[in-house]
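What follows is a set of notes on a single structure, which appears directly below.
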Amino acid sequence: MNNSKTMRDSLLEQLLPQMQEDPSLFILSADMGAPALDHIRHSFPSRFINVGIAEQNLIAVASGLAMEGCTVYTLAIAAFYLRAFEQIRNNLSIAGTFVDLNVHMLAVGGGVSYDMSGPSHHALEDLAVLRTLPHISLFSLSDWQMAAAWPAYARQQSGAKYVRLDSKAHLPLSRPAPPDWSLGFQLLRPGRHIALISTGFMSQKAATLLQETAFQDVALLDLFQLSTPLQEEALAATLAPYSQWITLQEGYLERGGLDTLLEGIRNRYGHNGSCRHLGFALQHQFTSAPREQLHAAQGMGMNDLRQLLTSLSHRFCEGVA
C-alpha cells in the first residue's frame, strides 16, 4: 500500500472543517491550485481569495484581514515569498510587536523540492532570511502526517507563522510519538556518540539512511521549529550526550540556517569543547539538477553520507574519534 502524500494536500484537507466552524478563517492563494483547495473555494467562495501572481499583495491583504481579527492562511511557492519580504517585515513582523496577527504563510517547495524548475523556484534563502525577523515563527515540516496535524496546533497559537512544505509526495516518518509542538524538535531515534540533526526533507533522507543496520548507534533528531518558541535549552540538553553533531538542511551552508542555529546553541550552552559539528547544506551558488544529483555535488548525497557515517562509526567503535 502506497501511503505517500504531499504536505500541501494533507494540511489543506484539515482546513475545510475549520472553516465550517470558524467564520473568521480566510484562505488566500497566490494563483496556486490544488484539489483540496478547489473544495474550499467551492464551499466558501466569500472566504477564498486568489490574489493572482502578486505575493506582495498576498501579504498586504492577509495582514489587513488579520488586523480585523481574522485568521488567515496564505498559499504560495516558498521562493516567491521572498518577493514580499518588505510586506512580511513591515505588515507582520513590525506590526506583530503591537498586536497578534494570525497569518499562517504556507510555503510550498521548500529547499530544492522543485528541483527541475531551476534556481528561480529553489527556496534556499528563506530559512535564514525569515529567522532574522522578530514575531515570525518558522516551521520546517518533515512529513505529511506532521502537516496534517499542524492546523490543530496553529489554531491554538496566535501570531504570524511561516510553514515550509516540501512539494513532493513522501511516506510518513516513523515517530515514537506525536511531535511536541511546544518543544520544536523530536528525537526520532536515540543513539550513541553521533547525532544527525535534520529539518524538512532532509529528515526523510536521514531516516532512509538510518534504516541500514550499520548505523544502529546513530541518533536522528528532527528539528521542525527554527525560531522562537524553539526550546533551545531542552534541545541543548537532548544533544549533550553526543560528541559528534551532523546538521543536514536544504539551505545555504553557513548562511544563517540550521547549521548556524546549532552552532549558536553549541557555543551558548558550553558544548563547543565537548562535541564537534559538521554542517551539510548547499554551496552558495545557483545550479539546477535532479535533487539527489544536487545533493551529491555538494557532498551530501546518499553515498556520501553513508561513507561518512561508516567512517565515524568505526572510529568511535575503536575509541579514536
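Where a number appears in this text, it was derived from the coordinates with a stated rule and is not lab data. In this text, all values refer to a predicted model and were calculated from it rather than measured experimentally. Here Cβ is always computed from backbone atoms with ideal geometry, including for glycine, and neighbour counts include all displayed protein chains.
What are the lysines whose alpha-carbon lies under 18 Å from the alpha-carbon of Lys5, with same-chain residues fewer than 8 places away excluded? Within the straight-line cut-off, Lys5 pairs with Lys168, Lys205.
The protection proxy used here, the mean number of other Cβ atoms lying within 10 Å of each residue, ranks peptides 151-164, 12-25 as follows, highest first: 151-164, 12-25.
Other residues within the sphere of radius under 12 Å centred on the Cβ of Ile194, judged by their own Cβ, net out at +3 (K and R +1, D and E -1). Inter-label distance, Ala296 to Gln156: 4.5 nm, where each label sits 7 Å from its Cα along the C-beta direction. Normalised by the number of residues in the chain, the mean separation of alpha-carbon contacts (under 8 Å, six or more apart) gives a relative contact order of 16 percent.
Among the chymotrypsin sites (Phe, Trp or Tyr not before Pro) in the stretch 91-140, those located in a DSSP loop and surrounded by at most 10 other Cβ atoms within 10 Å of their own Cβ are Phe98. In this entry, the stretch 185-317 is assigned a mean projected area of 7.7 nm², taken as a quarter of its C-alpha convex hull surface.
Given a Förster distance of 22 Å, report the FRET efficiency between Arg41 and Glu21 from their Cβ-Cβ distance, rounded to the nearest 0.05.
Numbers: r = 18 Å, r/R0 = 0.82.
Using R0 = 22 Å, I get an efficiency of 0.75.
Computed over the Cα atoms of the chain, pair by distinct pair, the Kirkwood hydrodynamic radius stands at 20.1 angstrom.
Cβ under 14 Å from Gln307's Cβ, Gln307 left aside: what net charge do those residues give with Lys, Arg +1 and Asp, Glu -1? Walk me through the numbers before you get to the answer.
Numbers: positive: Arg306, Arg315; negative: Glu212, Asp304.
Here the charged neighbours net out to 0.
Note the full-extension length gain between Thr132 and Ala169 as 0.36 nm times their separation in residues minus their Cα-Cα distance, in nm to one decimal.
Numbers: separation 37, 0.36 × 37 = 13.32 nm, distance 2.98 nm.
Extra length from Thr132 to Ala169 when fully extended: 10.3 nm.
Ellipticity at 222 nm from helices only: DSSP H runs of n ≥ 4 in the chain, each -39500 (n - 2.57), divided by the residue count, give -10000 deg cm²/dmol.
Report the relative contact order of the stretch 87-162, percent, no decimals, based on alpha-carbon pairs under 8 angstrom and at least 6 residues apart. Don't jump to the answer; show the numbers that get you there.
Details: 76 pairs, mean separation 33.0, N = 76.
This gives 43 percent for the stretch 87-162.
Fewest neighbouring Cβ atoms within 10 Å first, the residues Thr74, Thr228, Thr132 line up as Thr132, Thr228, Thr74.
Taking every DSSP beta bridge that has both residues in the chain, what percent is antiparallel when rounded to the nearest 5?
Values: 7 of 48 bridges.
Beta bridges within the chain, antiparallel portion: roughly 15 percent.
Near Phe44: Cβ cut-off under 15 Å, other residues only, Lys/Arg at +1 and Asp/Glu at -1. The net charge is -2. Short-range pairs are left out: with C-alpha atoms under 8 Å and at least six residues apart, the relative contact order of the stretch 185-317 is 24 percent.
Under the classification rounded if a/c is under 1.5, otherwise prolate if a/b is larger than b/c and oblate if not, where does the stretch 87-216 fall, given a ≥ b ≥ c as square roots of the Cα gyration tensor eigenvalues?
Details: a/c = 2.11, a/b = 1.52, b/c = 1.39.
Taking the square roots of the gyration eigenvalues as a ≥ b ≥ c, the stretch 87-216 is prolate.
Which angle from 0 to 90°, rounded to the nearest 10, does the C-alpha axis of helix 7-21 make with the longest principal axis of the chain? The two axes meet at around 40 degrees.
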